[in-house]
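The values are calculated or read from the model by the stated rules, or taken from the named source; none is laboratory data. It should be emphasised that the depicted structure is a prediction, and the values quoted were computed from it without experimental measurement. Using ideal geometry, Cβ is built from the backbone for each residue, glycine included, and neighbour counts are taken over all protein chains shown. Just so you know, the surface numbers come from the protein's heavy atoms only, side chains and all, with ligands and any DNA or RNA stripped out. Shrake-Rupley method; radii C 1.70, N 1.55, O 1.52, S 1.80 Å.
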Amino acid sequence: MNIFRFFGDLSHLASIFILLYSIELHKSTKGLSLKTQSLYALVFVTRYMDLFTHYVSLYNLLMKIFFLGSSVYTVYVMAGKYRKQTELTVDTFPVRYLVGGAFVGSLVLTYKYTFSEIRWSFSLWLEAVAILPQLYILQRTGEAENITSHYIFALGLYRALYIPNWIYRYFADDKFDYISFLAGLLQTAVYSDFFYIYYTRVMQGKKFQLPV
């Protein structure tokens, strides 16, 4: 544990609380991508299949349970509780390419060709691109509620903070997970345009808007 990972985890927690708060506040999932949330659920299901067989610490266990449970619950809320408000007509990004690309990536970049290592690598590459259906909706509609943009920003910040976390671990613990590092770089690059617009508009008190 180090300060970068700790604040990265806090940012991740914040993103989920912001998302669920937004949904319940407006009683709607307007502007949110069910495909992105389904991909995140798949990310955590594949990553934490060892939930009750690989114990690291109480902190690690609680985080795993929360992220897995909250991702599945979010899909339930969007696909069930507020299904009528979920905008499936604009949530049309072809996610099969993301899943397929993540699977290929997990075969090319993995430490061992075992089921556990491949599914771990798969979850990292899929997480790196899971936000694309959500960004696609923003691109199509051209705008977002500020609370939605706060959610995306916090989610992107979480992964960006994990990059210095891995650098710190390399110097402090002589351990470097290059797959996590590369996946984190890819995810941060995916968010780069969003970060810039968020800073120049939302942080200046303006409405978040993208060119359609």
For the chain, find the longest principal axis of its Cα atoms and tell me its angle to the long axis of helix 146-173, 0 to 90°, nearest 10. 20
Choose one answer from Gly156, Gly184, Gly69: the residue with the largest mean-square fluctuation in a GNM of the chain with alpha-carbon springs under 10 Å. Gly69
May I ask you to derive the relative contact order of the chain, considering only C-alpha pairs under 8 Å and at least 6 residues apart, and to give it as an integer percent? 31
If I model a spin label at Leu109 and Tyr73 as a point 7 Å from the Cα along the Cα→Cβ vector, what separation in nanometres do I get? 3.2
Alpha carbon centroid spacing (whole Å) that separates segment 149-170 from segment 53-106: 18
Between the helical axis of 34-47 and the dominant principal axis of the chain, each derived from Cα atoms, what acute angle in degrees is found, rounded to the nearest 10? 10
Taking only protein heavy atoms into account and a 1.4 Å probe, give the accessible area per residue of segment 3-204 in Å². 51
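With +1 on each Lys and Arg Cβ and -1 on each Asp and Glu Cβ, and nothing else charged, work out how big the dipole of segment 3-204 is about its Cα centre, in Debye to the nearest 20. If you can, show how the numbers build up before the last one.
Numbers: 17 positive and 13 negative charges, 83 e Å.
Result for segment 3-204 is approximately 400 debye, rounded to the nearest 20.
What shape does segment 1-141 take by its C-alpha gyration tensor, where a ≥ b ≥ c are the square roots of the eigenvalues and a/c under 1.5 counts as rounded, a/b above b/c as prolate, and the rest as oblate?
Working: a/c = 2.02, a/b = 1.32, b/c = 1.53.
It comes out oblate by the Cα gyration axes.
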DSSP loop (so not H, G, I, E, B), at most 10 other Cβ within 10 Å: list which trypsin sites (Lys or Arg not before Pro) in segment 66-125 pass both filters. Lys112
Tilt relative to the chain, helix 58-76 - C-alpha long axis, 0 to 90 degrees, to 10: 30
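Taking all protein chains in place and a 1.4 Å probe, what share, in percent, of the accessible surface of the chain do carbon and sulfur account for?
Numbers: 7360 of 11040 Å².
Taking all protein chains in place, the chain shows 67 percent carbon and sulfur surface.
Before rounding to the nearest 500, sum -39500 (n - 2.57) across all DSSP H runs of length at least 4 in the chain and divide by the residue total; then give [θ] at 222 nm in deg cm²/dmol. It would help to have the intermediate numbers written out before the result.
Values: 8 runs with 147 residues, N = 212.
That calculation yields -23500 deg cm²/dmol at 222 nm.
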